[in-house]
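The values are calculated or read from the model by the stated rules, or taken from the named source; none is laboratory data. Predicted, not measured: the structure shown is a model, and the values here were computed from it. Here the Cβ is made from the backbone with ideal geometry for all residues, glycine too, and neighbour counts use every protein chain on show. Ligands, DNA and RNA are stripped out before the accessible areas are found, and what is left, the full protein with its side chains, is counted by its heavy atoms. Shrake-Rupley method; radii C 1.70, N 1.55, O 1.52, S 1.80 Å.
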Amino acid sequence: MNIRFGTAFGVFFSRIPYYMGTLDVGRFRALPQNRSTLAFPARFISRSMSFTPPTDPRFTQLSQWLGTLTTPTLQLDSLRPASADASFRRYFRLDAADGASYIAMDAPPPQENARAYLQVAQLFEQAGVSVPHILAQDADNGFLLISDFGNTTYLNALGPDNAHKLYIDAIDALILIQVHSRAEVLPEYDRAFLQRELMLFPEWYVGKHLGKTLSDAQSKDLNAVFDALLANIVAQPQVYVHRDYHSRNLMVLQKGNPGILDFQDARFGPITYDIASLLRDAYIQWDEEMVLDLAIRYWERAKRAGLPVAPDIDTFYRDFEFTGLQRHLKILGIFARLYHRDGKDAYLSDLPLVMHYVRSTASRYKELKPLIRLLDQLEGEAPKVGYTF
């Protein structure tokens, strides 16, 4: 297949081979996997390990609710933590008389919305992708019993021998979700919401983490970058957006791969958001030619499925990069907030990769260059030379 590139992106893309066969996955970097994860399976306590049950009222209420269920027949003495989470949600694993294990979710209102989880689970299940099955619910109190997808996240499993298959599976599942999108079903991922996410960067990363205050000139430059990003993103076609479609929220399944988790915050928004989240993952980095290869494979499949992606690869990849940059600026703010407000330091080690994504993307576009100058000023670095489109 011949891929034509426009004059701007051809400068960059012409240096990157397009792989028609299996991905060259010999060069990739996986971040350490011994930290807590956002999804329930990655860090768990088996029955052979000691566990002191929490004494808080929520855990007591959850245990009492589980005790009222008759199907499946649960073994309440097997209840143990299934994860750490960046939100107020908690997940516990427990066994049943049928030999299977299940996940009990504690999503305390008003901080968490169990009804949103139930709604999106139904939408995604109807689209034909694998999400946890709801066995029992008490949405008013934020308690759910769901099926257990096991312990193997994409992040834990990805390697040279399986990366191509795992990513293609994830791309195909994403397209299924997008094909089944309908307006006015999920909340809008609109300009105001995107803007609020961007403001996490100056508030929490710049202000709290770096301890810096932007001058009027710096704020003007940053706002100009924000305006450029938002103008691109809100002009994109809209579909269902998972909003955290990445290696820690995708489970490796023998059938119906991948299992999709953590979708309760889904919205109706820009079509490139989830593919940017998947391929510019905050927890695992791939060489740029591999990202491009997978992005092209998504673009080709999306077009064949009738999705309204940009008709040419130049425009699509620009959309992909602008959306990814908005996400990564938000993530810098979120990770800083998790540390400074919530006392969760596990995400600090992920900041360098996210900042690498920010700098790499911003350096490639003239309208985003002020962000590079701002970061240089804040971090005291000398200006860097790079390609500009």
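Six or more apart or on different chains, Cβ under 6 Å: which pairs go from a residue in the range 315-337 that's more than 17 Å from HIS356 (Cβ to Cβ) and hydroxyl-bearing (Ser, Thr, Tyr) to one that's open to solvent by 10 Å² or more (accessible area, probe 1.4 Å) and at pLDDT 95 or above? Could you list them?
Note: no pairs meet the criteria.
When the range 326-368 is examined, which residues are found to be of a type in the set (Gly, Ala, Ser) and under 20 Å from GLU203 (Cβ atoms)? Walk me through it before giving the result.
Initial filter on the range 326-368 (of a type in the set (Gly, Ala, Ser)): 333, 336, 343, 346, 349, 360, 362-363.
Of everything in the range 326-368, those that are of a type in the set (Gly, Ala, Ser) and under 20 Å from GLU203 (Cβ atoms) turn out to be GLY333, ALA336, GLY343, ALA362.
With under 29 Å from PRO108 (Cα atoms) and of a type in the set (A, V, I, L, M) as the only criterion, which of ALA136, ALA163 stands out? Even if it seems obvious, please write down each step before you answer.
Values: ALA163 fails: under 29 Å from PRO108 (Cα atoms).
Going through ALA136, ALA163 in turn, just one is under 29 Å from PRO108 (Cα atoms) and of a type in the set (A, V, I, L, M): ALA136.
Return the residues of the range 250-267 that are within 17 Å of TYR117 (Cβ to Cβ) and among the charged types (D, E, K, R); say none if nothing qualifies.
ASP262, ASP265, ARG267
Can you tell which of THR315, THR323 is surrounded by fewer than 23 Cβ atoms within 10 Å (Cβ to Cβ), farther than 16 Å from ALA173 by Cβ and of a type in the set (S, T, N, Q)?
THR315
Would you say GLU197 is in contact with a helix residue (DSSP H, G or I) (Cβ under 9 Å, 6 or more places away or on another chain), farther than 21 Å from LEU279 by Cβ and either modelled with pLDDT under 95 or not β-branched (Val, Ile, Thr) (or both)? Spell out how you get there, then give the answer.
On the way: in contact with a helix residue (DSSP H, G or I) (Cβ under 9 Å, 6 or more places away or on another chain): yes; farther than 21 Å from LEU279 by Cβ: no; either modelled with pLDDT under 95 or not β-branched (Val, Ile, Thr) (or both): yes.
No, not satisfied.
Sort through PRO352, PRO383 and tell me the only one that's exposed (fewer than 13 other Cβ atoms within 10 Å of the Cβ) and modelled with pLDDT of 95 or more.
Numbers: PRO383 fails: modelled with pLDDT of 95 or more.
Of the residues listed, the single one that is exposed (fewer than 13 other Cβ atoms within 10 Å of the Cβ) and modelled with pLDDT of 95 or more is PRO352.
Keeping to the range 177-189, report how many residues are assigned to a helix (DSSP H, G or I) and open to solvent by 10 Å² or more (accessible area, probe 1.4 Å).
Initially, the range 177-189 is screened for residues assigned to a helix (DSSP H, G or I), giving 177-179.
Next, from what is left, pick out any that are open to solvent by 10 Å² or more (accessible area, probe 1.4 Å): 179.
Here the count works out to 1.
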